[in-house]
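These notes are about the structure you will find just below.
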Amino acid sequence: MKKLVLFLIIAFSFLNTMCSSQNVLFKQEVTLDTVIPKKGPNYRNFDHYYIGYGFIFDTQHFGALETIIGSSTQFVFGFRHKTKINNHYAIGYDISYNTTGYSIKQSPTKSFPTSVNYKSEKLLMRNFRVELYNRINFGKRGNKVGKFMDIGAFGEYGFANALIVKDKLPATNAFGSTKVKMVNKNPNYVNKLNYGITTRIANNRVAIYATYRLSEMFLASYTYPETANLIVGVQVGFY
Amino acid sequence: MNLLPNKQTCRTVFLFVLIIQCFSAQAQQKYWVFFTNKANTVFNPYTYFDAKAIERRIINNVSLVDSTDFPINEFYYNTVSANVDSVSNSTRWFNGMCVYANENQIQKIQQFYFVRSIEALPFQSMHLASYNETSFNEKLSDDQKKLLVGQTTRLQADEFKKANIDGSGIRIAIFDAGFPNVDTNPAFEHIRKANKIIKTYDFVRKKDFVYGYAEHGSCVLSCIAGKAGDVNIGLATGAEFLLARTEMGKREPFSEEENWLAAVEWSDKNGVQIINSSLGYTGDRYFTTDMNGKKSLVSRAANLAARKGILVVNAAGNEGSSAWKTIGTPADADSVLTVGGIDMASDFHTDFSSYGPTADNRLKPNVCAFGHVIAAGKNGLEKTQGTSFSSPLVAGFAACALQTNRNLKNMELYLEIEKSADLYPYFDYAHGYGVPQASYFTEKNKTQSTATFDFVNENNYLTVKIQDAFFGKDTIDTKSNRLYYHIENDKGVITSYYIISVENQDVLKFSNYDYKKGQKIMVHYKNYTNSFTF
């Protein structure tokens with residue numbers, strides 16, 4: 001009986017449609033085209049993903065932890081939401097993951113974490129970051145993100161930090177190698193919760209960003225010099 | 001711990017701030033300054049207008065002394081000029097001038113008693129309505145030769161040819177990005193020999209030379225009047241031309257509406273009867289909801305040109321397969337004849353051609369023509385595509401149509417071209433009324449189309465039944481057994497439209513329960529159109 005009912009429903013729906021054996025060469029549903037979208041680059045809400053790559057700049061006075069500019073970098077992958085308030089002002093949030101590596105300069109004056117010099121030494125931070133920002137847009141535009149400047153504040157949690165040391169041994173070791181890599185996972189002197197301010201200037205997909213960490217990288221109980229806290233880079237949005 | 005930045009940080013921050021400054025609105029910008037009146041100005045149409053412009057106005061019952069044609073008040077012009085960095089353009093029609101100024105200067109100008117309003121003119125892209133081009137030099141393959149012949153044959157060019165109609169005596173202006181080699185290319189030799197290029201002006205560089213820059217304009221001109229040996233590329237090989245460079249071409253940096261506006265006034269002054277404009281503004285500055293024919297300055301200028309007796313033919317745009325999808329502006333203006341593109345192989349909408357309707361639900365495009373063409377570019381014949389080339393095919397058609405009856409007013413011509421199209425009175429938002437047909441203008445005895453199908457409303461079902469004489473047993477899709485239909489809501493707005501191949505005699509069946517009172521189904525099959533209202 002159920003099968004018969006199902007058959008009748010299907011048969012009825014077939015009759016209801018215009019013609020079962022039509023060969024449709026071209027079709028347009030205008031009602032779908034004329035729906036005003038709620039989301040879009042310059043509509044009320046807009047979401048997109050992005051990636052970014054930045055360089056860490058040494059910002060400290062004499063005695064601070066010296067990092068190597070060029071090899072101290074940050075990779076970012078994130079999701080950004082914007083809510084438009086008016087044509088020139090919007091607010092939003094940004095959730096991102098970043099890998100930030102501080103290449104520590106090896107020198108006779110080095111004191112972090114020890115005074116021992118290696119071939120290379122990198123403090124690697126893997127963070128989840130949440131940011132709230134204000135956006136100022138410039139100029140009239142259609143459904144484009146356009147030119148804008150963001151100013152915001154962020155907090156981040158370093159969930160997987162490591163101090164990576166690479167060195168070359170004077171002679172082959174017991175494992176038959178002259179190169180050695182040591183990873184000190186989640187060192188206890190690193191402050192896992194950090195915060196700071198951020199800004200971006202952008203034209204549509206491409207943004208130049210800068211972040212400035214206001215918190216101290218290392219716990220107060222350690223007397224390590226502070227690390228570089230300015231990062232400047234480029235982000236590219238996907239939309 | 002000291003967290004204050006050191007010198008290096010300061011340098012970085014300074015650089016960052018410098019870049020921010022580049023984004024700020026304090027820099028010099030372009031503005032439209034509109035005036036309250038044209039007091040104390042004098043205008044003599046007989047010294048200002050070309051004789052052809054006066055003739056056109058008389059035919060179109062347009063006054064020779066219209067306030068929009070009066071010059072800008074000299075005192076206003078000089079006062080504003082003295083208070084800005086430079087003047088870019090001025091407009092009689094909208095009684096204003098376009099200036100470069102900074103914010104302080106604009107604030108000062110705003111205080112002048114004769115200033116009605118000031119509008120910032122952000123830089124924006126003007127999109128040429130064409131796709132990538134492939135160069136084929138002078139030689140054409142068999143398929144390309146077929147396309148070359150097809151692009152005019154589809155408009156029944158032979159009908160005009162038989163009647164010796166080639167657009168002679170009709171003056172057409174083309175607004176484009178450049179016309180390289182039009183002064184040397186053999187495709188335009190007949191135009192040059194007959195001195196049919198009346199005037200040229202480069203509104204970007206403010207000089208007469210236009211025979212360089214992007215080749216888009218050369219291709220467009222060829223689709224109106226070019227010749228490839230003995231074969232016509234366009235229909236109006238005998239027309240006269242004004243060539244205006246209003247766009248920057250492939251670089252498409254940030255050209256402005258002001259060039260378009262200046263060119264349309266220049267065209268009006270010089271007696272142009274038809275303007276072809278294969279370009280449009282879309283998402284850089286506007287939302288799709290702005291495409292209502294009133295929002296943009298070019299759209300209003302195009303409508304004003306129509307009021308002065310000029311037929312403006314504009315490409316629908318190439319956004320059909322993009323997120324924008326709909327037509328741009330000024331194709332959205334109600335008095336602009338907007339042209340969509342069809343594919344030669346399928347003979348219906350080509351995927352890139354922008355769709356209508358306008359934001360206020362008016363029919364656009366109005367008509368269509370081939371969107372893939374053979375054109376004469378900078379270095380010879382090329383296969384190219386875009387509604388940029390559909391538009392000049394129809395502009396050439398319009399010139400020929402006007403030649404058949406020179407007393408037609410521009411909006412009468414507009415309506416006649418719509419009526420001549422092969423789907424008329426059927427329409428949809430991809431094809432408009434279809435492809436204009438020359439026989440409509442050349443045949444004295446127009447035959448009434450005979451009924452090819454019936455609406456049968458029985459047992460609460462509406463069936464569209466093909467008449468025996470018009471139903472073939474061949475189920476393979478051919479161009480002749482296509483049926484077009486659309487469904488309109490009770491406000492006359494199409495909600496969906498289709499093309500199907502007829503494979504059954506009872507080709508369509510609609511349940512009366514699925515449709516509200518006032519909804520309408522319009523069907524077109526083999527030159528016959530009928531509709532049924534629920």
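The values are calculated or read from the model by the stated rules, or taken from the named source; none is laboratory data. Please read all numbers here as calculations on a predicted model, not as lab measurements. Cβ atoms come from the backbone with ideal geometry, glycine included; neighbour counts cover every protein chain shown.
Numbers at a glance
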item	result
So B:ASP360, is it under 29 Å from B:THR288 (Cα atoms) and within 12 Å of chain A (Cβ to nearest Cβ)	yes
Tally of residues being at pLDDT below 95, out of contact with any Gly (no Cβ under 6 Å at 6 or more places or on another chain) and part of a strand (DSSP E or B) across segment A:203-237	3
Pairs with Cβ under 8 Å, 6+ apart, first in segment B:485-499 and facing chain A (nearest Cβ under 7 Å), second of a type in the set (D, E, K, R) and surrounded by 15 or more Cβ atoms within 10 Å (Cβ to Cβ)	B:ILE494/B:ASP428; B:ILE494/B:GLU488; B:THR495/B:GLU488; B:TYR497/B:ASP428; B:ILE499/B:ARG482
Hits in segment B:286-320 (condition: in contact (Cβ under 8 Å) with a residue 60 or more places away in the chain, of a type in the set (Val, Ile, Thr) and either assigned by TED's automatic domain parsing to the domain that holds B:ARG362 or surrounded by 22 or more Cβ atoms within 10 Å (Cβ to Cβ) (or both))	B:THR288, B:ILE310, B:VAL313
Scan of segment B:285-303 for residues that are assigned to a loop (DSSP other than H, G, I, E, B) and under 13 Å from the mean Cα position of the chain (by Cα), ordered by number	B:GLY293
Among (1) more than 8 Å from chain B (Cβ to nearest Cβ); (2) at pLDDT 90 or above; (3) surrounded by 13 or more Cβ atoms within 10 Å (Cβ to Cβ), the one test that A:LEU65 misses	(2)
Residues of segment B:25-36 classified as in a loop (DSSP other than H, G, I, E, B) and either at pLDDT below 90 or exposed (fewer than 13 other Cβ atoms within 10 Å of the Cβ) (or both), total	4
Check on B:LEU393, away from every other protein chain (no Cβ under 14 Å), farther than 17 Å from B:VAL149 by Cα and out of contact with any Asp or Glu (no Cβ under 6 Å at 6 or more places or on another chain)	no
Matching entry among B:TYR440, B:TYR433 (being modelled with pLDDT of 90 or more, more than 14 Å from every other protein chain (Cβ to nearest Cβ), surrounded by 15 or more Cβ atoms within 10 Å (Cβ to Cβ) and in contact with a Lys or Arg (Cβ under 7 Å, 6 or more places away or on another chain))	B:TYR440
Residue check, B:PHE203 more than 14 Å from every other protein chain (Cβ to nearest Cβ), surrounded by fewer than 18 Cβ atoms within 10 Å (Cβ to Cβ) and at pLDDT below 95	no
Selection count where residues are among the hydroxyl-bearing types (Ser, Thr, Tyr) and touching a Ser or Thr at 6+ places or on another chain (Cβ under 6 Å), scope segment B:323-353	3
Count - residues of segment A:75-105 that are surrounded by 15 or more Cβ atoms within 10 Å (Cβ to Cβ), in contact with a Lys or Arg (Cβ under 9 Å, 6 or more places away or on another chain), closer than 14 Å to A:LYS122 by Cβ and not aromatic (Phe, Trp, Tyr)	4
Subset of segment B:42-82 [surrounded by fewer than 16 Cβ atoms within 10 Å (Cβ to Cβ) and more than 20 Å from B:SER267 (Cβ to Cβ)]	B:VAL42, B:GLU74, B:PHE75, B:ASN78, B:THR79, B:SER81, B:ALA82
